[in-house]
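Here's the structure we're looking at; comments come further down.
Please treat every number below as a calculation from the coordinates, not as lab data. All values derive from a computational prediction rather than experimental measurement. Note: ideal-geometry Cβ built from the backbone for every residue, glycine included; neighbour counts use all protein chains shown.
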Amino acid sequence: MIIPQLQSDLIEYAKSIGVDKIGFTHASPFLELKNRLKRQQELGYQSGFEESNIELRTEPLRLLDGAESIIAIALAYPSKMEEAPVGKKGARRGIFARVSWGIDYHVAVRERLQLIEEWLKERVPNVQIKSMVDTGELVDRAVAERAGIGWSGKNCSIITPEFGSYVYLGEMITNIPFAPDTPIENECGDCRLCLDVCPTGALVEAGQLNSGKCVAFLTQTKDFLPDEFRAKIGNRIYGCDTCQTVCPKNKGKLNWIHEEFKPDPELAKPLLQPLLNMSNKEFKGKFGYMSGSWRGKKPIQRNAIIALAHFKEETAIPDLIDIMKKDERPVMRGTAAWAIGKIGGPDAEAILLKAQEKETNKDVLCEIEKGLALLKA
């Protein structure tokens, strides 16, 4: 039996603990989503980071016996940085996507969900709950869409009228039969800006993402970045915001609401060269509280090398030589060799030929050849 007073009280409590939006939906299967996910698998569009079992992703009852409802929450995060530093020659900067500004959102959203869990347990005997954020089985966006948080945009983000698409999502399956909210009507209309400006064409059609081509995914991989994408990531060292920044629904949505999500400009737009030789301890101490650190320093350092090549930053050459000589990781040595070829300069060919004489790893030797080819081109 639905308890209206409990639901309205929960809505007020959620606001009091910093939840910017809360919605409710039933716990029946996500049938349309199931078909889409199967099609996505067939096309090879998955990233590999998501839950592979489609039934678990679309059938809440498999995750919680007796599930009746799903509570969806959203926390808004900033779209603009105050006093953003500007990179210049000799002091180039990379950029973390907005989703990684401030503290790790997994922590922040889980804290709110935990507080809601405790609040419900105090009021409902024998309540059953399963909460998740991002890495859980359910698809956050599908839950949020059905719970009326926002509509699913052509850029595959949930777009809210209040905060645009700059929202973190979390959900909670429960055996409490809350009244479901009505989904919001899609307001994308004929706009296709996000599809037209996607750097790699990863948005293959409205609402369909080829994750393997998405810059946000590519910046989190740990192997050599495929050649065709190196020029596309620019100075992005984690994530990509292009499909959000061009969205008209995000215009004017600053979302300076939560102090914990406001970025430290020196971390959100860090100097690139100091990243190259940073130890694990230094990296964790400086960036460890950000969600963009979850894959460790290797992807960040590789992306920093590619960004320096993008800028053709000649002052980085000594650091890149040092990496080729001393770094034990083939991906770093090879990417550094390619970057030297991309940056160029009077000594670049001699540097690469000398490295070629000493290198034994076939993948690194291939990157040295690519660097030499860039010089000739």
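Mind running the shape call on the range 1-147? Use the C-alpha gyration tensor, a ≥ b ≥ c as the square roots of the eigenvalues: rounded below 1.5 for a/c, prolate if a/b tops b/c, oblate otherwise.
oblate
Mind listing the long-range amide H neighbours of Trp151? Cut-off is under 5 Å, sequence gap 5 or more, other chains count too, H placed in the peptide plane at 1.01 Å from N.
Distant-sequence amide H within range of Trp151: Ile159.
Could you order the peptides 175-182, 82-89 from most to least packed, using the average number of other C-beta atoms within 10 Å per residue?
Averaged packing, sorted descending, gives the order 175-182, 82-89.
Return, in residue-number order, each cysteine of the chain whose C-beta is not under 4.7 Å from any other cysteine's C-beta.
By the Cβ distance rule, which asks for a partner under 4.7 Å, the isolated cysteines are Cys156, Cys188, Cys191, Cys198, Cys214, Cys240, Cys247, Cys366.
Between the range 287-325 and the range 33-63, what is the C-alpha centre distance in whole Å?
Comparing the Cα centres of the range 287-325 and the range 33-63, I get a distance of 33 Å.
Apply the Karplus curve 6.51 cos²θ - 1.76 cosθ + 1.60, θ = phi - 60°, to the phi angles in the range 54-69 and return the couplings in whole Hz, x for Gly and Pro.
5, 4, 5, 6, 10, 10, x, 5, 6, 9, 8, 4, x, 4, 10, 9
Can you work out the Karplus-derived ³J(HN,Hα) for every residue in the range 120-129? Use 6.51 cos²θ - 1.76 cosθ + 1.60 with θ = phi - 60°, whole Hz, and x for glycine or proline.
Those phi angles translate into 5, 5, 6, 10, 10, x, 6, 5, 10, 9 Hz.
Starting from the Cα-Cα distance between Ala231 and Asn53, subtract it from 0.36 nm times their residue separation and give me the gain in nm to one decimal.
60.7 nm
Given the peptides 151-159, 58-66, arrange them by the average over their residues of other C-beta atoms within 10 Å, most packed first.
151-159, 58-66
Mind ranking 352-363, 221-232, 132-143, 331-342 by how tightly packed they are, going by the mean number of other C-beta atoms within 10 angstrom, highest first?
Result, highest mean first: 331-342, 132-143, 221-232, 352-363.
For the range 18-61, what class follows from the C-alpha gyration tensor (a ≥ b ≥ c being the square roots of its eigenvalues): rounded when a/c is under 1.5, otherwise prolate if a/b is larger than b/c, else oblate?
Prolate, because a/c is 1.5 or more and a/b exceeds b/c.
Rounded to the nearest 20 debye, what is the charge dipole size of the chain about its Cα centre when +1 sits on each Lys and Arg Cβ and -1 on each Asp and Glu Cβ?
With only Lys, Arg, Asp and Glu charged at Cβ, the dipole is about 1160 debye.
Subtract the Cα-Cα distance of Lys376 and Asp9 from 0.36 nm times their separation in residues, and report this length gain in nm to one decimal.
Extra length available between Lys376 and Asp9 comes to 125.2 nm.
Give, rounded to the nearest 20 debye, the magnitude of the charge dipole that the range 235-291 has about its Cα centre when Lys and Arg contribute +1 at Cβ and Asp and Glu contribute -1 at Cβ.
The dipole of the range 235-291 has a size of about 200 debye.
Could you calculate the FRET efficiency of Arg110 with Arg62 from 1/(1 + (r/R0)^6), where r is the beta carbon distance between them and R0 is 25 Å, rounded to 0.05?
Working from the Cβ atoms, E equals 0.70.
Rounded if a/c is under 1.5, else prolate if a/b is larger than b/c, else oblate: which is the chain, with a ≥ b ≥ c the root eigenvalues of its Cα gyration tensor?
Prolate.
Tell me which of Asn255, His310, Phe283 sits at the most positive position along the dipole axis of the range 238-329, charges placed on C-beta atoms (Lys, Arg +1; Asp, Glu -1).
Ranked along the dipole, the leading option is Asn255.
Taking 7 Å along the Cα-to-C-beta vector as the label spot, tell me the Asp223-Gln46 distance in nanometres, rounded to one decimal.
1.7 nm
Select from Ala206, Ala74, Gly341 the residue farthest towards the positive end of the dipole of the chain; place +1 on Cβ of Lys and Arg, -1 on Cβ of Asp and Glu, and compute about the Cα centre.
Farthest towards the positive pole: Gly341.
What nm distance separates the two modelled labels at Arg329 and Glu266, each placed 7 Å from Cα along Cα→Cβ?
Output for this residue pair reads 2.4 nm.
Given 0.36 nm per residue, what is the gain on full extension from Asp363 to Asp134 after removing their alpha carbon distance, in nm?
Gain in length upon complete extension: 79.0 nm.
Structure shown: which of Lys297/Lys358; Lys89/Lys284; Lys326/Lys376; Lys80/Lys284; Lys232/Lys370 lie over 19 Å apart, alpha-carbon to alpha-carbon?
The answer is Lys297/Lys358; Lys89/Lys284; Lys326/Lys376; Lys80/Lys284.
Taking Cα centroids, how far is the range 243-285 from the range 134-185 in Å?
Value for the Cα centre distance between the two parts: 24 Å.
Could you check which residue among Pro248, Pro29, Pro125 shows the biggest mean-square fluctuation in a GNM of the chain with a 10 Å Cα cutoff?
Highest fluctuation of the listed residues: Pro125.
At 7 Å along Cα-to-Cβ for each site, give me the label-to-label distance between Val86 and Val204 in nm.
Between Val86 and Val204, the label points sit 4.1 nm apart.
Dipole of the chain (Lys/Arg Cβ +1, Asp/Glu Cβ -1, origin at the Cα centre): which of Ala231, Ile351, Ile129 lies farthest to the positive side?
Ile351
Treat every Asp and Glu Cβ in the range 131-229 as -1 and every Lys and Arg Cβ as +1, leave all other atoms uncharged, and give the resulting dipole magnitude about the Cα centre to the nearest 20 debye.
80 debye
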